[in-house]
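The values are calculated or read from the model by the stated rules, or taken from the named source; none is laboratory data. This is a predicted model, so every value here is computed, not measured. We place every Cβ from the backbone using ideal geometry, glycine too, and count neighbours over all the protein chains shown.
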Amino acid sequence: MGFDTSLSAFNISASGLTAERLRMEVVANNIANAEVTRTPEGGPYRRKDVVFEAVLHPDKPGARAGQSSGLGGVRTVGVIDDSSELPKRHSPGHPDADADGFVTMPNVNLPIEMVNLITTTRAYEANLKAAQSFVDMNQQALSIVRG
């Protein structure tokens, strides 16, 4: 494994850390707004999702035609609104209730958000562990070279 390859392994982990940190922030924001029925945009809060895409390394000079050097990590394409239906709750005394006493609530499902938070945390930890392993391996290699 050459220096370029090992450094790209670290970059892949770093891109995963960045992407999962954003996803964690979005999930936390969803949880925080689970009961918000009035937003500056109008209407109830809409749950958000993060969209990722794989990053591919461009062909390296000297590589065979059409041969890619492989994956280069992940990046976020954007944060999108979840277009699922907004649930209605009967709450006649609520200030945002309609004439029939129903309030349109955010489409945030707390159990799903908690599962998303746990999986995001685990993915972040895995990327952090991989980055730490990269640092440890390079420190050991340097100590071998130093003698």
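Quick notes on this one:
- Answer from Glu25, Glu35, Glu113, Glu85 - the residue that is surrounded by 15 or more Cβ atoms within 10 Å (Cβ to Cβ), of a type outside the set (Ser, Thr, Tyr) and either modelled with pLDDT of 95 or more or touching a Ser or Thr at 6+ places or on another chain (Cβ under 6 Å) (or both): Glu113
Let's see how each residue does on (1) surrounded by 12 or more Cβ atoms within 10 Å (Cβ to Cβ); (2) modelled with pLDDT under 95; (3) part of a helix (DSSP H, G or I):
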site: Arg21; (1), (2), (3): yes, no, yes
site: Asp49; (1), (2), (3): yes, no, no
site: Phe52; (1), (2), (3): yes, no, no
site: Val55; (1), (2), (3): yes, yes, no
site: Pro58; (1), (2), (3): no, yes, no
site: Gln67; (1), (2), (3): no, yes, no
site: Arg75; (1), (2), (3): yes, yes, no
site: Val79; (1), (2), (3): yes, no, no
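- Checklist (1) in contact with a Lys or Arg (Cβ under 7 Å, 6 or more places away or on another chain); (2) farther than 21 Å from Ala9 by Cα; (3) surrounded by 13 or more Cβ atoms within 10 Å (Cβ to Cβ) applied to Ala97, failing item: (1)
- Residue count for the stretch 106-147 satisfying the condition of being closer than 22 Å to Glu25 by Cβ and hydrophobic (A, V, I, L, M, F, W, C): 12.
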